[in-house]
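*Asks:* Below is a structure I'd like to ask you about.
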Number of protein chains: 2
Amino acid sequence: MDKSTAKLIQELAEKLYKDILKKNIPALNFPVRSLENVIYDKKKGFFEIGDLTKERSLTVNTVKTFAQTIRMMALSHEIVKKDDMATKREAYYVSKNWGDARFTEQPESDAIMDDVEAHFRINRERMGFIPEEKGGEVAGKLIVIDKDPATGKELRIDCTQFGSGSYSIPIACEDLKFETHAKFILAIETAGMFQRLVKHSFYNTANCILVSMGGVPTRACRRFIRRLADDKKLPVYAFVDGDPYGITNIYRTLKVGSGNNAHLNQYFCVPQASYLGVTPQDIIDFKLKDATHPLQEVDIKRAKDALKNDPFIRMHKPWKKAMEQMLSMGVRVEQQAFAKHGLNHVIETYLPKKLKNTSKFLP
Amino acid sequence: MDKSTAKLIQELAEKLYKDILKKNIPALNFPVRSLENVIYDKKKGFFEIGDLTKERSLTVNTVKTFAQTIRMMALSHEIVKKDDMATKREAYYVSKNWGDARFTEQPESDAIMDDVEAHFRINRERMGFIPEEKGGEVAGKLIVIDKDPATGKELRIDCTQFGSGSYSIPIACEDLKFETHAKFILAIETAGMFQRLVKHSFYNTANCILVSMGGVPTRACRRFIRRLADDKKLPVYAFVDGDPYGITNIYRTLKVGSGNNAHLNQYFCVPQASYLGVTPQDIIDFKLKDATHPLQEVDIKRAKDALKNDPFIRMHKPWKKAMEQMLSMGVRVEQQAFAKHGLNHVIETYLPKKLKNTSKFLP
């Protein structure tokens, strides 16, 4: 793990220690983590945290939380020094040995962990804390460079060599390196569609890297795509269901991140992503009308909410138009709908046609 | 895919065709798929389908369902001939071109697909139909032999060579082959625990294959473990949370399958599995009491239901005792709880101790 994390923690600890020796009241600052403290800058391309901060100084009332915050930092320090890691849940259990500073429920320790990462403005993974869940598979023209956990020896993982299987993204991918001559990354909503593209080696024909998100992409999946796209200057095209959930949850989370984790979005969003499809216009252009589904109550609510409140949709005219078109057509469309024209229409017709005009993708 | 599937379909089609020419009423037989038609034989080790069948003969009332069944078989025939595949959802969309035999909603096409697989008593994957979802990652002493989807050339996938990442199990794994000298398969509930064991190369120290199930194992994950365990005569040890959900949902599904898919359990269960832990007794033996959680209403209900109604729990005395012990202790324990004694207590103490006495694992 990153050495600078250990250093950041050590410096803060020394400052607190000196404050105490000087009989100053030690204090910690945290950015306020809520939607009111979120800024969306179209150019930067992600939800960013604003300037509002709250202070936690050491008082009779805050002594337990203060101690827990310090112990959480100490745990992180120990973990990164040892090049180990801990899930959020493991960190909670470790606290059972902290005497009076132990946590009673995991949400308490999660909140402290969020505070610490917000304070340092680094992502949890760099503090050695990893999410519980994996997610995200890769196949295609990419070599991932990792190291053997036992020997530390460099490993080269060729993502064209997994047959019908694929490379599963590790929970923490901060230290991976990449080699590729691919032209783009295709981020796919469903595992079934991913498997079809793998089966037909679409990554060879299109010279690309396929990533299966399996619904809303996990932190690890977004971080992997982001690091790869930054490092290799690759565009990212999203191929998801053409419904309000696919657009405002899956795609928007991939591209700009989420509101209540704004202090992390700079690491966990993919601003270079654009939306290949399925668009409401595709329903017309690719004659999918009789393979659509009527919008449900919940779809309509989600679309109207987004038009009214979501800064991302509101700031992009093409998205406003697309959402309005969807509402007026009254239907949603899934990425499997192309099967209506034959199982491989999506590979032989839809994707090649769309990929000829990437500049027309929705932002 | 398997050639015999195409043959099975062709033979049935010929029989139906001859019946029609002879002016006999064509008919199809399906086993009844419900709990009343399930048998549990301890020796065989999985829920099995009984002898109740229902007949679908061609009448004015059944003409549409009959036609849909035939068309579904024809689609399967086409897919296996071409060595292609279709998800359940894709199959639904393909039906949009079947004129009056088209399906209105996907549950209709799913039911027909279930009928067809029950009729032939083969699993859907062998008919070329694959689930929507992936699931299951592998790391450790295993070489998976697959083929390059583009060239058909044999690929050897060494599951020790993925660093912090892992091999993601394909949706259909009927055609994979295996090479291994590992001594057992360790099937792990959470991705976080899997990542810890990978990070510390537990598969080297213990000479084993690690599989991350990520909760209740998917069809693909169970099928993979089963095929690997059968082929290489390996025992399978399950390491899941010590709570009624971990035992009666995750572990029991892995080991004996599920009630409402009994016609498939012979392929999708792992009778050679046993339960390493976490057991209620481990809470005492490994001093985890203050890292447990009180059983919730839903846990108690689930445990009592299992003791009363679940043929698997009822037939195994050690399981009855363990469930009763859990109820009387009134607590559940997670696989992360060992972190209380230090992050790597699970690797250095718990797993090695347990693995010395595999004959004591719960059945």
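The values are calculated or read from the model by the stated rules, or taken from the named source; none is laboratory data. Note that this is a predicted model, so its numbers are computed, not measured. Ideal geometry is used to build each Cβ from the backbone, glycine not excepted, and the neighbour counts take in all protein chains shown. Ligands, DNA and RNA are stripped out before the accessible areas are found, and what is left, the full protein with its side chains, is counted by its heavy atoms. Shrake-Rupley method; radii C 1.70, N 1.55, O 1.52, S 1.80 Å.
*Asks:* Treating the beta-carbon of each Lys and Arg as +1 and of each Asp and Glu as -1, no other charges, what is the dipole magnitude of region A:146-229 about its Cα centre, to the nearest 20 debye?
*Replies:* Rounded to the nearest 20 debye, it is 220 debye.
*Asks:* Between residue A:63 and residue A:285, what FRET efficiency follows from the Cβ-Cβ distance if R0 is 51 Å, with the result rounded to 0.05?
*Replies:* Working: r = 64 Å, r/R0 = 1.25.
With a Förster radius of 51 Å, E is 0.20.
*Asks:* Run through every distinct alpha carbon pair of the protein assembly as shown and return the Kirkwood hydrodynamic radius in angstroms, one decimal place.
*Replies:* Numbers: mean 1/r = 0.0362 Å⁻¹.
For the protein assembly as shown, the Kirkwood estimate is 27.6 Å.
*Asks:* Determine, from the Cβ-Cβ distance of residue B:177 and residue A:111 and an R0 of 35 Å, the FRET efficiency 1/(1 + (r/R0)^6), rounded to the nearest 0.05.
*Replies:* About 0.10, to the nearest 0.05.
*Asks:* Shifting gears a bit: Quick check on region B:179-219: what does the Kirkwood estimate of hydrodynamic radius come out to from the alpha carbon pairs, in Å? Can you show the working numbers first?
*Replies:* Numbers: mean 1/r = 0.0945 Å⁻¹.
About 10.6 Å, per the Kirkwood formula over Cα pairs.
*Asks:* Give the cross-link partners of residue A:304 among the aspartates and glutamates, using a straight C-alpha distance below 16 Å as the criterion and excluding same-chain residues fewer than 8 apart.
*Replies:* In chain and number order, the partners are A:243, A:324.
*Asks:* A further question follows. Please compute the Kirkwood hydrodynamic radius of chain A from all pairs of different C-alpha atoms, in Å with one decimal.
*Replies:* Over chain A, the inverse of the mean reciprocal pair distance is 22.3 Å.
*Asks:* What does the charge dipole of region B:101-145 about its Cα centre add up to, to the nearest 20 debye, if the Cβ of each Lys and Arg holds +1 and the Cβ of each Asp and Glu holds -1? Numbers along the way, then the final one.
*Replies:* Values: 6 positive and 10 negative charges, 72 e Å.
Dipole size: approximately 340 debye.
*Asks:* So, one more: Compute the signed sum of charges (Lys and Arg +1, Asp and Glu -1) over the other residues within less than 12 Å, Cβ to Cβ, of residue A:246.
*Replies:* After counting each charged neighbour, the total is -2.
*Asks:* Counting only other chains, what is the mean number of Cβ atoms within 10 angstrom of the Cβ of each residue in peptide B:339-348?
*Replies:* 4
*Asks:* Return one number: the angle in degrees, 0 to 90 and rounded to the nearest 10, between the long axis of the Cα atoms of helix A:106-120 and the longest principal axis of the Cα atoms of chain A.
*Replies:* The two axes meet at around 90 degrees.
*Asks:* Take the Cα coordinates of region A:268-346, assign each an equal point scatterer, and use the Debye formula without solvent to give log10 I(q)/I(0) at q = 0.11, 0.24 Å⁻¹.
*Replies:* Evaluating at q = 0.11, 0.24 Å⁻¹ gives log10 I(q)/I(0) of -0.33, -1.18.
*Asks:* Moving on to the next point. Name the nearest-to-axis residue of chain A, judged by Cβ distance to the rotation axis taking chain A onto chain B, and quote that distance in whole Å.
*Replies:* Of all Cβ atoms in chain A, the one nearest the axis gives A:168, 2.
*Asks:* Per DSSP H run of n ≥ 4, the term is -39500 (n - 2.57); total these for the protein assembly as shown, divide by its residue number, and report the mean residue ellipticity at 222 nm rounded to 500 deg cm²/dmol.
*Replies:* The helix contribution divided over the protein assembly as shown gives -11500 deg cm²/dmol.
*Asks:* Kindly express, to the nearest 10 degrees and within the range 0 to 90, the angle between helix B:3-21's C-alpha long axis and the longest C-alpha principal axis of chain B.
*Replies:* 30
*Asks:* So, one more: Test of understanding: what is the full-extension gain from residue B:325 to residue B:143, defined as 0.36 nm times their sequence separation minus their Cα-Cα distance?
*Replies:* Gain on stretching residue B:325 to residue B:143: 61.5 nm.
*Asks:* Another question, if that's okay. List the relative contact order of chain B as a percent without decimals, with contacts defined as Cα pairs under 8 Å and 6+ residues apart.
*Replies:* Averaging sequence separation for qualifying contacts and normalising by length gives 15 percent for chain B.
*Asks:* Okay, moving on. Rank B:60, B:350, A:209 by how far each Cα sits towards the positive end of the charge dipole of the protein assembly as shown (+1 on Lys, Arg Cβ; -1 on Asp, Glu Cβ) and give me just the farthest.
*Replies:* It is A:209, whose Cα lies furthest towards the positive end.
*Asks:* For region B:162-202, list log₁₀ I(q)/I(0) at each q in 0.17, 0.19, 0.35 Å⁻¹, using the Debye formula over Cα point scatterers of equal strength and ignoring solvent, two decimals each.
*Replies:* -0.63, -0.78, -1.18
*Asks:* Once you have all Cα-Cα distances for region A:163-306, histogram them in 10 Å bins from zero and send the whole-percent values.
*Replies:* For region A:163-306, the pair-distance distribution reads 11, 39, 35, 14, 2.
*Asks:* Then there is this: Calculate, for residue A:158 and residue A:81, the FRET efficiency according to 1/(1 + (r/R0)^6) with r their C-beta to C-beta distance and R0 41 Å; round to the nearest 0.05.
*Replies:* 0.80
*Asks:* Calculate the tail of P(r) for region B:35-111: the fraction of all Cα-Cα distances greater than 14 Å, expressed in %. Don't jump to the answer; show the numbers that get you there.
*Replies:* Values: 2053 of 2926 pairs.
That tail contains 70 percent of the Cα-Cα pairs.
*Asks:* Another question, then. Dipole size in debye (nearest 20) for region B:5-136 around its Cα centre, Lys and Arg Cβ +1, Asp and Glu Cβ -1?
*Replies:* 340
*Asks:* Shifting gears a bit: Write down the percent of antiparallel bridges among all DSSP beta bridges whose residues are both part of region A:113-221, to the nearest 5. Show your work: numbers first, answer last.
*Replies:* Numbers: 14 of 19 bridges.
Expressed as a percentage, antiparallel bridges in region A:113-221 total about 75.
*Asks:* Could you work out how far helix A:297-309 tilts from the main Cα principal axis of chain A, as a 0 to 90 degree angle to the nearest 10?
*Replies:* Roughly 60 degrees, rounded to the nearest 10.
*Asks:* Averaged across the residues of B:197-205, what count of C-beta atoms belonging to other chains lies within 10 Å of each residue's C-beta?
*Replies:* Averaged over the peptide's residues, the number is 3.
*Asks:* Do the alpha carbons of any pairs in A:317/A:353; B:301/B:321; A:42/A:255 sit beyond 22 Å of each other, and which pairs? Write out the running numbers ahead of the final one.
*Replies:* Values: A:317/A:353 24 Å; B:301/B:321 17 Å; A:42/A:255 11 Å.
Too far apart for the 22 Å limit: A:317/A:353.
*Asks:* For a label point 7 Å from the Cα of residue B:315 along Cα→C-beta, name the residues of region B:261-304 whose backbone N is under 17 Å from it.
*Replies:* Counting backbone N atoms under 17 Å from the label point, the list is B:261-275.
*Asks:* Tell me, what is the per residue accessible area of chain B in Å², probe radius 1.4 Å?
*Replies:* 42
*Asks:* Taking trypsin sites (Lys or Arg not before Pro) as candidate sites, keep only those in a DSSP loop with at most 13 other Cβ atoms within 10 Å, then name the longest stretch of chain B containing none of them.
*Replies:* B:154-232
*Asks:* Contact order normalised by length for region A:95-166, with contacts defined as Cα pairs under 8 Å and 6 or more residues apart; what percent is it?
*Replies:* 18
*Asks:* While we're here: Report the Cα centroid-to-centroid distance between region B:327-363 and region B:142-160 in angstrom, as an integer.
*Replies:* 35
*Asks:* Let me ask you something else. Measure off, as a whole percent, the carbon and sulfur share of the 1.4 Å-probe accessible area of region A:139-259, all protein chains present.
*Replies:* Carbon and sulfur atoms account for 46 percent of the accessible area of region A:139-259.
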